[in-house]
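J.: The structure under discussion is supplied below as structure tokens; questions concerning it will follow.
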Amino acid sequence: MGFVKGSSKAFLIIGFLFLLDCVFAQECTTEEPQVYVVHLGAKQHDDPELILASHHKMLESVFNSSEAAKESIVYNYRHGFSGFAASLTSSQAKKLKERPDVFSVASNRKLTLQSTRTYDYLGLSPNQPSGILHDSNMGSELVVGIIDSGIWPESAGFSDEGLGPIPKHWKGKCVGGRGFDPAKHCNKKIVGARYYTNRFTEKTGKTISPEDYLSPRGLISHGTECASIAAGGFVPDASYEGLAPGLMRGAAPKARIAAYKVLFDSDEMGTGVSDCTMAIDDAINDGVDVISISIGPDGPPYHTYTTVGEDAELGSFHAVMKGIPVVMAGANSGPGAYTVSNVAPWMFTVGASTLDRNFYVDVTLGNNLTIPCQALYTGPEVSGELIYVEDWQTDTSDRKGKISLTFMKDDAESLFAVNTLGGAGAIIARGSDYFTEFFFEKPGVATNFEVGNKILQYIRSTSSPTVRISGGKTFVGRPKQTTVAAFSGRGPNPSAPAILKPDIVAPGALVLSADITNGYFTGFAINMGTSYSAPAIAGILILLKSLHPDWSPAALKSAIMTTAWKTDPYGGPIYSESMPRKLADPFDYGAGLVNPQRAGDPGLVYDLNLDDYIHFFCASGYNDTSIALLTGKDAKCPSPLPSILDFNYPAITIPEVKDEVTVSRTVTNVGPVDSVYRAVIEPPRGVKIAVEPETLVFNASTKILGFKVRVTTSHKNNMPVYLFGSFTWTDGTRNVTIPLSVRTRV
């Protein structure tokens, strides 16, 4: 999910749909068919043709015609899991949903879309002689799958110069189409490219813009940008019209890219989840090593996986069960509570932080006072008369050639205000001086109320106030503070509050990436959104998986979460961009800011396997039949049901503590064989934490150990908010830290 300067729009991705035709007179109703996704769970056969035949047979039960059943099929999912997308009336969908061998039937839901300095800031320098970047050979043997808006193969960073042969495990292909020749546009860097157009049919009435391509080539640059951030190669002297200059690269510069285009420029931006699910199924079969998806729900409810199947979560679950981590953008709906999306526990949900980089202009008043102010401006210096506009929405005075100062409460209206004010430029004073929204052809300067009042005092102190605004500049380093971006989706988890979301944050505000190069765009873009923090994590996972190919997706996630920074890389506090600004907590940044170097050697991991996910499904209220369908394993939920608090997640989140609660966790030693870890606790205020045992001893025969955490509250009233702490296992060198989040409910 992202907001993109000059290269992408805000896009909508549509949820699971199905369309079935009415063929026989007795079957015809006034109901309009639509696409539904029917999920059957784990595969019952390894032969794709047998799976296909079983889909047709199931559809015959609602069509009473083999021919009609076959014609209704939109997609068959038969590689990573079993299911299909088909054109159905609501009554036909209802009949399928009632079958005991069907896990879920889901209709459509709208989703939205959710790059030089980033990796130096995170400590991933290509000049280091050792470390995760060097030791992984920059991810050269793995493939990252980008499910998005396609790719512009000529963009910077997609050359295969210096790359070795395509990894042997890769089975994917490049599909040709308008403007995309596999022989020319695929190489040893872009090793796979597909596209999916089910959403655009005569029945849906939706059409693709004639400017976009029926091919993997992406007119919408969102997918190109995400691919660049995850795995773009080295691009010297990159910048956006002089801003953010430097050597641009992705997290895994030598990793290979497979692009799955599910987004098209159209009359209604978006895609069908049937397309997205098909892309996931193909990616599993093609042999991708990590999947990155920067899309999610358009608005509340952001997701409820107790009705799992509404979105792309089922496909992602099967990918994870095949050993493929799935990274998801955590929504751009912040900073309010419960705004994070893509919250299933098997997903790696990513929020967005800022960098230690700022774009600014010097604002010099007529009294020679110079104030640096936030601005995304690439034009020349401007100067002129400085005026105060009290109400920018109603003031109609002549502002030609003048520069206006105004105050506003709603940050989202900044672009509209600058355009409305007109003149030679505008200074916007508001609650936050961090200007992440827009670029302007004329200066649109952001500052806070305090500085705005200083400028207003100057205007009122002289009869002829003037101002000079410099061209745009780039500042890197301290004292630029790190914040969780205001737009980044926040917890608690709206679906299961006991599962912490987001999981992690990575830079996603004002990051530089490659862009399309079609004559209008410059080839580089500066963007913001969780869309751009998610592929950063995907690229880092490529590096980790290169070092630890036998680790599960959960182990890889745990390694990143338990080693994350709770401060910025300089040791300063991380703030949350909100009203008012505050110190960030786990509902802002999950486990913290990703620390790639430490993640390569976490010491211990909180691992998860199929039995753990069955535990989760039982605790979430699924019945035995549904769990067996989804997982392909016979399961019987115990009575009483297990507690979701005991799900082996690398965080402890307790929504309701009356007096005392005990939770269980298990850790696996992935560090030195003979290791001793002791517990270190930072309890939430007014909460007592006890760990049993307080020491864990690992050796050649003991690699996995469990422990219990007893949480006791001294609070005697209902708490309107959560209190936060942390719990760490340390061997003196490695600190394996998870967040504690506790709320008292009497």
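J.: Filter the stretch 389-409 down to residues that are in contact with a Lys or Arg (Cβ under 8 Å, 6 or more places away or on another chain) and either open to solvent by 80 Å² or more (accessible area, probe 1.4 Å) or not β-branched (Val, Ile, Thr) (or both), then give me how many there are. Step through it out loud before you land on a result.
T.: Taking the stretch 389-409 first, the residues in contact with a Lys or Arg (Cβ under 8 Å, 6 or more places away or on another chain) are 389, 407-409.
Subsequent filtering for residues that are either open to solvent by 80 Å² or more (accessible area, probe 1.4 Å) or not β-branched (Val, Ile, Thr) (or both) retains 407-409.
Count: 3.
Condition check ((1) within 20 Å of residue 540 (Cα to Cα); (2) touching a Phe, Trp or Tyr at 6+ places or on another chain (Cβ under 7 Å); (3) not hydroxyl-bearing (Ser, Thr, Tyr)) across all residues:
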position: 135; (1), (2), (3): yes, no, yes
position: 141; (1), (2), (3): yes, no, yes
position: 147; (1), (2), (3): yes, yes, yes
position: 150; (1), (2), (3): no, yes, yes
position: 153; (1), (2), (3): no, no, yes
position: 158; (1), (2), (3): yes, no, yes
position: 162; (1), (2), (3): no, no, yes
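J.: Of these, 272, 218, 232, which one is in contact with a Lys or Arg (Cβ under 9 Å, 6 or more places away or on another chain) and either open to solvent by 10 Å² or more (accessible area, probe 1.4 Å) or at pLDDT below 90 (or both)?
T.: Working: 218 fails: either open to solvent by 10 Å² or more (accessible area, probe 1.4 Å) or at pLDDT below 90 (or both); 232 fails: either open to solvent by 10 Å² or more (accessible area, probe 1.4 Å) or at pLDDT below 90 (or both).
Exactly one of 272, 218, 232 is in contact with a Lys or Arg (Cβ under 9 Å, 6 or more places away or on another chain) and either open to solvent by 10 Å² or more (accessible area, probe 1.4 Å) or at pLDDT below 90 (or both), namely 272.
Okay, residues lined up against (1) among the aromatic types (Phe, Trp, Tyr); (2) open to solvent by 20 Å² or more (accessible area, probe 1.4 Å); (3) in a helix (DSSP H, G or I); (4) in contact with a Ser or Thr (Cβ under 9 Å, 6 or more places away or on another chain):
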position	(1), (2), (3), (4)
627	no, no, yes, no
638	no, yes, no, no
645	no, yes, yes, yes
649	yes, no, no, yes
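J.: Report the residue count in the stretch 665-691 for those that are over 23 Å from residue 715 (Cβ atoms), over 29 Å from the mean Cα position of the chain (by Cα) and either surrounded by fewer than 17 Cβ atoms within 10 Å (Cβ to Cβ) or among the β-branched types (Val, Ile, Thr) (or both).
T.: Total meeting the criteria: 6.
J.: Can I ask one more? Within the stretch 55-165, considering only helices (runs of 4 or more DSSP H) that don't extend past its boundaries, which have at least 2 residues that are within 30 Å of residue 530 (Cβ to Cβ)?
T.: Working: elements: 66-72, 90-97, 118-121, 132-135.
It comes to 118-121, 132-135.
J.: Also, quick follow-up: Which one is farthest from residue 348 (Cα to Cα), of the residues in the stretch 651-693 that are part of a strand (DSSP E or B) and of a type in the set (Lys, Arg)? Write out each step before concluding.
T.: We begin by selecting, within the stretch 651-693, every residue part of a strand (DSSP E or B); these are 652-657, 660-669, 675-682, 687-692.
Among the residues that remain, those that are also of a type in the set (Lys, Arg) are: 665, 678, 688.
Values: 665: 19, 678: 28, 688: 30 Å.
Filtering the stretch 651-693 for residues that are part of a strand (DSSP E or B) and of a type in the set (Lys, Arg), the one farthest from residue 348 (Cα to Cα) comes out as 688.
J.: Would you please list the contacts, defined by Cβ atoms under 8 Å and residues six or more apart or on different chains, that run from a residue in the stretch 222-249 that is in a loop (DSSP other than H, G, I, E, B) to a residue that is at pLDDT 90 or above and charged (D, E, K, R)?
T.: Sorted first by the residue in the stretch 222-249, then by its partner, the pairs are 232/249; 233/161; 233/189; 233/249; 233/254; 234/249.
J.: What's the total number of residues in the stretch 553-586 that are assigned to a loop (DSSP other than H, G, I, E, B) and open to solvent by less than 10 Å² (accessible area, probe 1.4 Å)? Can you show your working first?
T.: Of the stretch 553-586, the ones assigned to a loop (DSSP other than H, G, I, E, B) are 563-564, 566, 568-572, 577-581, 584-585.
From what's left, open to solvent by less than 10 Å² (accessible area, probe 1.4 Å): 563-564, 568, 572.
Number satisfying all stated conditions: 4.
J.: Confirm whether residue 343 is part of a loop (DSSP other than H, G, I, E, B), among the β-branched types (Val, Ile, Thr) and either over 18 Å from residue 482 (Cα atoms) or open to solvent by 10 Å² or more (accessible area, probe 1.4 Å) (or both). Step through it out loud before you land on a result.
T.: Details: part of a loop (DSSP other than H, G, I, E, B): yes; among the β-branched types (Val, Ile, Thr): yes; either over 18 Å from residue 482 (Cα atoms) or open to solvent by 10 Å² or more (accessible area, probe 1.4 Å) (or both): yes.
Judged against the criteria, residue 343 is a match.
J.: Related question: I need the full set of residues from the stretch 561-606 which are of a type in the set (D, E, K, R) and within 17 Å of residue 540 (Cα to Cα), in order please. Break it down stepwise before answering.
T.: First, the residues of the stretch 561-606 that are of a type in the set (D, E, K, R): 566, 568, 577, 581-582, 585, 588, 598, 601.
Within the stretch 561-606, 598, 601 meet the criteria.
J.: What single numbered condition from (1) in contact with a Ser or Thr (Cβ under 8 Å, 6 or more places away or on another chain); (2) modelled with pLDDT of 95 or more; (3) open to solvent by less than 30 Å² (accessible area, probe 1.4 Å); (4) closer than 19 Å to residue 118 by Cβ fails to hold for residue 540?
T.: (1)
The values are calculated or read from the model by the stated rules, or taken from the named source; none is laboratory data. As the structure is a computational prediction, the values presented were derived from the model and not from experiment. As a convention, Cβ positions derive from the backbone with ideal geometry for all residues, glycine included, and neighbour counts pool all protein chains shown. Each accessible area value is taken on the protein alone, full model and side chains, heavy atoms only, with ligands, DNA and RNA left out. Shrake-Rupley method; radii C 1.70, N 1.55, O 1.52, S 1.80 Å.
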